[in-house]
Amino acid sequence: MAWQFRNDIPIYTQLIAQIQQKIVSGALLPGERLPSVRDLAAEAGVNPNTMQRALMEMEREELVYSQRTAGRFVTEDGPRISKLREDLARNRVKDFLEGMYHLGFQMDEILTFVKLEGEKGNHEHSGM
């Protein structure tokens, strides 16, 4: 896992967001065992207490669960993962739209811009 952090947001919040991203993208599969708190903390370059706090919050949200002697695992609740994916997408769209409005774009201009960029991206990904 490649971890990246900003200075203006609490680290544990960023850890949660990055682990959520890995869950919804399939980088962490439902039922997959997570590395230990110490291993994750070392990998991310954070204090183990900070990683523990992030994982406890994710347990509270039922995105991961603990088995006492076996460790922590990604939820196997498909609908919960789907809802998280939709929520994350909705937040990204909201942030994008706010940014575009601040640049002075109107909705019709935004839609045109997105369509053109999407078409350009399709050509880049298809090798054209």
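The values are calculated or read from the model by the stated rules, or taken from the named source; none is laboratory data. Bear in mind that the values here come from a model prediction, so they are computed numbers and not experimental data. Quick reminder, even Gly has a Cβ in these numbers, built from the backbone with ideal geometry, and neighbours come from all protein chains shown.
Things to note:
- Qualifying residue in region 81-88 (condition: modelled with pLDDT of 95 or more and over 30 Å from Met107 (Cβ atoms)): yes
For every residue, the table says whether it meets (1) at pLDDT below 95; (2) touching a helix residue (DSSP H, G or I) at 6+ places or on another chain (Cβ under 9 Å); (3) closer than 18 Å to Glu86 by Cβ.
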{"site": "Met1", "(1), (2), (3)": "yes, yes, no"}
{"site": "Gln4", "(1), (2), (3)": "yes, yes, no"}
{"site": "Asn7", "(1), (2), (3)": "yes, no, no"}
{"site": "Gln14", "(1), (2), (3)": "yes, yes, no"}
{"site": "Ala17", "(1), (2), (3)": "yes, yes, yes"}
{"site": "Leu29", "(1), (2), (3)": "no, yes, no"}
{"site": "Leu34", "(1), (2), (3)": "no, yes, no"}
{"site": "Val37", "(1), (2), (3)": "yes, yes, no"}
